[in-house]
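Here is the structure we will look at.
The values are calculated or read from the model by the stated rules, or taken from the named source; none is laboratory data. This structure is a prediction, so every number in the text was calculated from the model and none was measured. Glycine also receives a Cβ, built like all others from the backbone with ideal geometry; neighbour counts cover every protein chain displayed.
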Amino acid sequence: MSDTGISDAFSIGLSANYIGKYYGDFTNTEERITGDYAVARFNINFEQDNWFIAGFINNAFDEDAQVSREPVGGRYPQGYAAIVDPRNLGFSITCHF
């Protein structure tokens with residue numbers, strides 16, 4: 001993660017993770033290979049006197065990727081895939097007194 005202080009009160013940051021291809025089980029089943037994606041997160045912070053304001057964007061480029069995959073079988077008759085969280089953003093405002 002990288003944070004850059006623009007001033008004493010204002011900073012921005014960026015972090016990125018790359019996840020290479022991997023097997024989703026111990027027996028290295030081809031049907032369970034997943035991965036090969038990258039996600040990025042941006043954040044911005046401002047602090048002045050008693051106020052702290054923070055904002056973020058997770059999965060900034062809205063990467064659509066599988067984090068796990070199960071083929072059609074007894075446990076999952078239609079198969080199963082879990083995906084990375086979609087882009088989301090938020091902010092917070094905190095006052096200390």
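Just a few scattered comments:
- Whichever residue in the stretch 32-44 is surrounded by 14 or more Cβ atoms within 10 Å (Cβ to Cβ) and of a type in the set (D, E, K, R) and, among such residues, is nearest to the chain's Cα centre (by Cα): 41
- With respect to (1) more than 20 Å from residue 92 (Cβ to Cβ); (2) among the aromatic types (Phe, Trp, Tyr); (3) touching a strand residue (DSSP E or B) at 6+ places or on another chain (Cβ under 9 Å); (4) modelled with pLDDT under 95, the lone exception for residue 18 is condition (4).
- Any hit, the stretch 2-15, residues being exposed (fewer than 11 other Cβ atoms within 10 Å of the Cβ), touching a Leu at 6+ places or on another chain (Cβ under 8 Å), hydroxyl-bearing (Ser, Thr, Tyr) and closer than 30 Å to residue 93 by Cα: yes
- Residue match in the stretch 37-50 (condition: small (Gly, Ala, Ser) and either touching a Ser or Thr at 6+ places or on another chain (Cβ under 6 Å) or farther than 26 Å from residue 87 by Cβ (or both)): no
- The conditions of being surrounded by 11 or more Cβ atoms within 10 Å (Cβ to Cβ), acidic (Asp, Glu), modelled with pLDDT of 90 or more and closer than 30 Å to residue 9 by Cβ are met by residue 47.
- Candidate set from the stretch 65-84 (those that are surrounded by 11 or more Cβ atoms within 10 Å (Cβ to Cβ) and over 14 Å from residue 31 (Cβ atoms)); member that is nearest to the chain's Cα centre (by Cα): 84
- Which numbered condition residue 56 fails, given (1) surrounded by 14 or more Cβ atoms within 10 Å (Cβ to Cβ); (2) farther than 28 Å from residue 10 by Cα: (2)
- Residue list for the stretch 8-42, filter: under 12 Å from residue 70 (Cα atoms), among the charged types (D, E, K, R) and either in a strand (DSSP E or B) or in contact with a Phe, Trp or Tyr (Cβ under 7 Å, 6 or more places away or on another chain) (or both): 32
- Out of 52, 61, 56, sole residue that is in a loop (DSSP other than H, G, I, E, B) and either in contact (Cβ under 8 Å) with a residue 40 or more places away in the chain or of a type outside the set (S, T, N, Q) (or both): 61
- In the stretch 67-96, residue nearest to residue 34 (Cα to Cα) [restricted to those that are among the hydroxyl-bearing types (Ser, Thr, Tyr) and part of a strand (DSSP E or B)]: 68
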